[in-house]
Amino acid sequence: MLPIALVLAPIALILVPAVTDQVEPGQIKRFVRRQGLVPTPANGDLILTYLRVTRRWRALGLIFGALVALASEPLFTIRLLFPVLGWFAGALVAEVRLARARPAGRKDIGVRLVPPAVTWLWGVSAVVAGALAVSGLARFLLVGADAATPLWALAAAATVPAVTLLTRGLRTRPLPLGPAGRDALEAAARSRSTHVPLDGPVAAEIAARSRSAHVLLTGGSVAALWCGLGTLGTEPEHLPDGLVRMLVLAGWVVLPLVALALGTRSWRPVPRPAPGRRPAVAAAVTAVSVAVALGAALTWSATVPSPAGKPVAWSAGDEVNISSQPIAYATLPKCGARRTVRDCAAWDLLPADRPGYPIWFPQAAAFAGRWGPLRRPAPFALSGDGFHVVYLHARTRRMVHHDLRTGARRDLTGPLPDTDLPMPVLSYDGRYVTLTPATGPGTTRLVDTGDGRSVEVPGLARVLGVGPRGLAAVTVPEADKPELVTVDLRGTVRTRTPFDPASVTSPFPDGRRLLVLTEGGAAVTVDPATGRTVRRVKIKLKLTPYGDPPEFLGWSGDGRFLARLSPEEPGDGELRLVDPATGRVAEPRDSGPVEDARKTVIGKVSAE
């Protein structure tokens, strides 16, 4: 949709000013009714100028915000956020332009421009938005939150002082008053009068400032808090759970309704004594201190990891799905760009005995990146027995091991940034898991899921598999000479041998041998300690020479492996069970991974 937005943008720049400059009588009546103002020939020009400037820039901001939402990927994932923020940005520009046309001042004019409820709404929203901004920046710096988090935090942090400064300008810019007018206004403030004893252009100027203050404080409350909430994630699966989730949703939904009601109600400015400078400074310092303290508390609560040595049972809010049947495979359905559809935003687990009844698994993050058209599926792994899964938790952004038979889970890491997620590999029985950096050479962690103990192995580029004796992996190439290494459960490298990293390989379930599939359709059994060939058999299926090389998918319980082949006969299926000792092939019992899935992870492979 980006080309459409680029075409509409210049059209909006041409049409919006021409349309908004035409102020209708109904708009003037609505303005004077809300402000309790009597229009006269003396104040008519000021009212028209105010309405033209504010309507033009607010409309431009609204339209360009809608165009940003139109051009964003996925389409309309966050429907109202960008249009509302665009409208408020236009309101800020309009107030800056109005302020530049008048001289600045430092003394309060002695008029209450908004009711106390609007002031309180802004104060609370500003403090909460500041706390969320502090927490977002701290989480980004400490634990590497999503790349969009600091942008939302900076937007919230910029909104608060912008609104504060512009509102202060409305209260301090001098009014075109003579000595008599100033004396009358001060006398009305001392007597607690509910009416400003002024008329003509001065009354219109006060009414315009009051309307601007309403827009700045109510719109700023929504914009600042929404930007602050953006640091928590703008997609439903990234929101916190329980009571906190309800409060966050209230900020997204209830706050705009309250702000709209307060911002559009009728209000006539009243005189008030000019406040002193010290109380204002004390209030600002207090608000900043509270925001920083709340932000620190939020950061601490979000980054403290759970104990590594103790399994944690899923709560009801995590939508636990305990399966007594092994999982054959997990899929991410293809649903285009619409992420708001329930079936497109979570993994489906399909039991081996009932593949037509998928289990919805929303606690696992579906995608690693939250923004842009090139989001990739999040890390996800199933054990060969179909009862263990390792995934990135959608809310905590931690890598988690989950036993599907009991529902117990264990955090394997702390919160991780989406740019630095590991690739998990599970042993056949789910007892061991390796976590290898996906972005380049690093340190691989081998974790015992039973007791949580782990060891680190540096210098591994890719883990081929892990078993009860340890793991087999390919090292980082040195002088273009990668090696096949075997590592025991204590993290000690036992053997090294030259190896071709492009080979399709997987260790046998017991970890004693290594299976290598060649492009010519051979299944080669290799001793990983020496690199010597133990057995070489030809897969007994006529393959087309123009197809893809064999693809290893998983091991069955009887020692055969599931592979995706390219048979010469076009009517034959691609999935076959292959005996590594004889090369004989057989049809699998079910249809295997669904072909219309965006991503498929193999679990338990069933025989015929």
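Calculate, in nm to one decimal, what Glu587 and Val288 gain on full extension: separation in residues at 0.36 nm each, minus their alpha carbon distance.
100.9 nm
Return the FRET efficiency for the residue pair Thr439, Ala99: r is the Cβ-Cβ distance, R0 is 60 Å, and the value is rounded to the nearest 0.05.
0.80
How much length would be gained if the chain were fully extended between Ala117 and Thr40, taking 0.36 nm per residue of separation minus their Cα-Cα distance, in nm to one decimal?
Answer, rounded to one decimal: 24.7 nm.
Compute the signed sum of charges (Lys and Arg +1, Asp and Glu -1) over the other residues within less than 10 Å, Cβ to Cβ, of Leu421.
The answer is 0.
In Å², what does the accessible area per residue of region 92-137 work out to with a 1.4 Å probe?
Here the residues of region 92-137 average 49 Å² of exposed surface.
Applying a 10 Å radius around every beta-carbon, put 225-232, 420-427, 484-491 in order of their mean neighbour count, most first.
225-232, 420-427, 484-491
I need the calculated FRET efficiency for the pair Asp420 and Thr497, taking r as the beta carbon distance and R₀ as 25 Å, to the nearest 0.05.
0.25
Using 7 Å Cα-to-Cβ label points, what is the Glu519/Val281 separation (nm, one decimal)?
Distance between the two pseudo-spin positions: 7.7 nm.
Accessible area of region 377-517 with a 1.4 Å probe: how many percent of it is carbon plus sulfur?
50
How much area per residue is accessible in region 442-551 when the probe is 1.4 Å and only protein heavy atoms are counted (Å²)?
Per residue, region 442-551 has an accessible area of 53 Å².
In nm, to one decimal, how far is the Glu568 label point from the Thr544 one, both placed 7 Å along Cα→Cβ?
Once both label points are built, they end up 1.3 nm from each other.
The values are calculated or read from the model by the stated rules, or taken from the named source; none is laboratory data. Being a predicted model, the structure only gives us computed values, none of them experimental. Note that each Cβ is placed from the backbone with ideal geometry, even for glycine, and that neighbours are counted across all protein chains shown. Accessible surface is based on the protein model in full, side chains and every heavy atom, while ligands, DNA and RNA are left aside. Shrake-Rupley method; radii C 1.70, N 1.55, O 1.52, S 1.80 Å.
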